[in-house]
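Read the figures in this text as sums done on the coordinates, not as results from a lab. It should be emphasised that the depicted structure is a prediction, and the values quoted were computed from it without experimental measurement. For neighbour counting, all protein chains shown are included, and Cβ atoms are generated from backbone atoms with ideal geometry for every residue, glycine included.
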Amino acid sequence: MSRNLRNVLVAGTVSVLAAVSLAVAVGSASAATTPTATFTKVSEWGSGFEGRYTITNGGSSTMNSWQVSFTLPSGTGISSHWDATRSGSGQQVVFANLSWNGTVAPGASVVFGFIGTGTGSPTGCLLNGQPCAGGTQPSPSASTPRPPSPSASPSRPPSPSASPSKPPSPSPSASSGPTGTPVAANGQLRVCGRQLCNKNGKAIQLRGMSTHGIQWYADCATAGSLDVLANEWKADVLRISMYIQEGGYETDPRRFTDLVHNYIELATARGMYAIVDWHMLDPGDPNVNLARAKTFFAEIAERHAGKVNVLYEIANEPNEVSWSSIKSYADQVIPVIRQRDPEAVVLVGTPDWSSLSVSGNGNGVATITANPVTAGNLMYVFHFYAASHGNAYYNTFAQAVDTLPMFVTEFGTQQATGDGPNDFTNAQRYLDLMAAKKVSWTNWNYSDDFRSGAVFTTGTCATGQYGGTGRLKPAGAWVRDRIRTPDDF
Ligand code: IDC
């Protein structure tokens, strides 16, 4: 699969979407001097779709809050949403701003989105009680009041032309998402020997980004930021980092499970693989969270078994615990996943913060080889931070990739704190090895945290402006360049 093909297809999709927006907001977009809310279906897959509203303040005064209401036809529903609160009942839906995205300056836009079930589209949209298509506000001094434009009429019944007569899409299957993407090219992955192989049995390398902890930085992993990650950075994979402690899953299992469901859908709609990262860290014994992990992974695997793009990372960084305890945990969690999603690749963390025991001065490669996890179709995880982890780490990793199936789900170009100066030279040494051996990787992290390892400068996520390189820290610009280079699928 060439990047060029993917670009062409993405460009084609964008033009269809542009046409859709035009049809919905016809006659108002350029002339509007009042706020508008424009709906687009970002992608559709037969049984559902990703919907997006863009609220643009075409007026001359700042909006301090917003509310968008509409009706869905029966048979169409909403399974999850982001960047807004949702209320309403039955087919009546009401979305309103969150605390951080209610203020919209003149000329600015905010976006929220949802995953729809069924095939219908919203009708009767109102933004703060006014038609979403907006209109030209008559100035008080105008001598000749303008007649309301047809599109500004709130009582307009949904005409056939308001629901765009989009030609049937090339019907991507429900499981593989949009065409021309890493997932469309590679389909269901499996571990063949020590490699990660695609549906054709070809060894491939995936490159992408890890979110920061979604309990802190959910606002950096949005439909808009993931558009940039997929289309501009050309990432193959998104790692969804859900901490268990530190304000994560244990505080509200329902909410965090739903967040992960939603990120899986967002990645799927963009044709990226999704790694579900059970980000256990402190305490370091994964068995402490065993019951929680079983509950969580049962629901995730049940819901997403029909997809080909989900990988399960069952223990981020075990520490201060033996390999045999980690193996015991893996041997209990993996069957919970496999009963529901038999084909999925599973990733297992290794001792001493997924260092293959190097951090504890041990030799995890030999220990694991002597006593591997019982299940097949799995890979072992290695993490490194280039400014902290020199030859001892590198040499163990080099030995591991010739011995075990390995996946690097986290690395940084800086110190193990995720902060401090970058060592791009040492980082490149690891990347060269991973390219040569086709070891897949995700970099830590796709957020605007203040530390040097967060790719965006502080404050980026509040602006919603992720494109280009203007808001990237040095580590962000460096890793973006290394994700964007063509794949060999
Ligand atoms: C760090 C975050 C930091 C957060 C801390 C909490 O950068 O904002 O306060 O976690 O535990 C890892 C971990 C990952 C760390 C990262 C950088 O998997 O959670 O993130 N790191 O320290 N292993 C090695 C480095």
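Measuring nothing but how far apart in sequence close Cα pairs (under 8 Å, 6+ apart) lie, relative to its length, region 318-412 scores a relative contact order of 29 percent. For region 330-372, backbone nitrogen atoms closer than 16 Å to the point 7 Å from Gln188 Cα along Cα-to-C-beta are found at 337-346. Partner aspartates and glutamates whose Cα lies under 12 Å from the Cα of Lys41, excluding those fewer than 8 positions away in the same chain, are identified as Glu50. Here the average projected area of the convex hull drawn through the C-alpha atoms of the chain stands at 22.7 nm². With Cα atoms defining each centre, region 315-374 and region 419-451 are spaced 22 Å apart in the structure. Evaluate E = 1/(1 + (r/R0)^6) for Glu250 and Asp488, where r is the Cβ-Cβ distance and R0 equals 41 Å; express this FRET efficiency to the nearest 0.05. About 0.50, to the nearest 0.05. Straight-line cross-link reach from Lys473 at under 24 Å between alpha-carbon atoms covers these lysines, not counting any fewer than eight positions away in the same chain: Lys234. Counting every other Cβ atom within 10 Å of each residue's Cβ, Arg292, Arg52 order from fewest to most as Arg292, Arg52. The angle between the Cα long axis of helix 424-437 and the main principal axis of the chain comes to about 80°, on a 0 to 90 degree scale. Working from label points 7 Å from Cα in the Cα-to-Cβ sense, the Ser99 to Asp331 distance is 4.7 nm. Modelled this way, with points 7 Å down the Cα-to-C-beta line, the labels at Ala398 and Asp481 are 2.4 nm from one another.
Taken over region 246-377, the alpha-carbon convex hull comes to 103 cubic angstrom per residue. Taken over region 178-309, the percentage of Cα pairs per 10 Å bin, counting from 0 up to the bin with the maximum distance, is 12, 41, 35, 12, 0. Helix 253-269 and the longest principal axis of the C-alpha atoms of the chain enclose an angle of approximately 80°. Dipole size of region 197-341 about its Cα centre, with +1 on Lys/Arg Cβ and -1 on Asp/Glu Cβ: approximately 680 debye, rounded to the nearest 20. Relative to the longest principal axis of the Cα atoms of the chain, helix 391-401 runs at roughly 80 degrees.
A Förster radius of 22 Å, combined with the Cβ-Cβ distance separating Ala366 from Asn391, puts the computed FRET efficiency at roughly 0.75. Per-peptide packing, taken as the mean over residues of other Cβ atoms within 10 Å, places 120-130, 261-271, 275-285, 479-489 in the sequence 261-271, 275-285, 120-130, 479-489 from highest down.
Note on Ile240, Ile78: ascending count of other Cβ atoms within 10 Å places them as Ile78, Ile240, the fewest first.
Add -39500 (n - 2.57) for each DSSP H run of 4 or more in the chain, then divide by its residues: what number comes out at 222 nm, to the nearest 500 deg cm²/dmol?
Values: 12 runs with 131 residues, N = 489.
Here the helix-only value at 222 nm equals -8000 deg cm²/dmol.
Given a Förster distance of 41 angstrom, what is the FRET efficiency for Ser60 paired with Thr117, based on the Cβ-Cβ distance and rounded to 0.05? About 0.60, to the nearest 0.05. With a cut-off of 11 Å between beta carbons, the residues surrounding Ala315 carry a summed charge of -3, where Lys and Arg count +1 and Asp and Glu -1.
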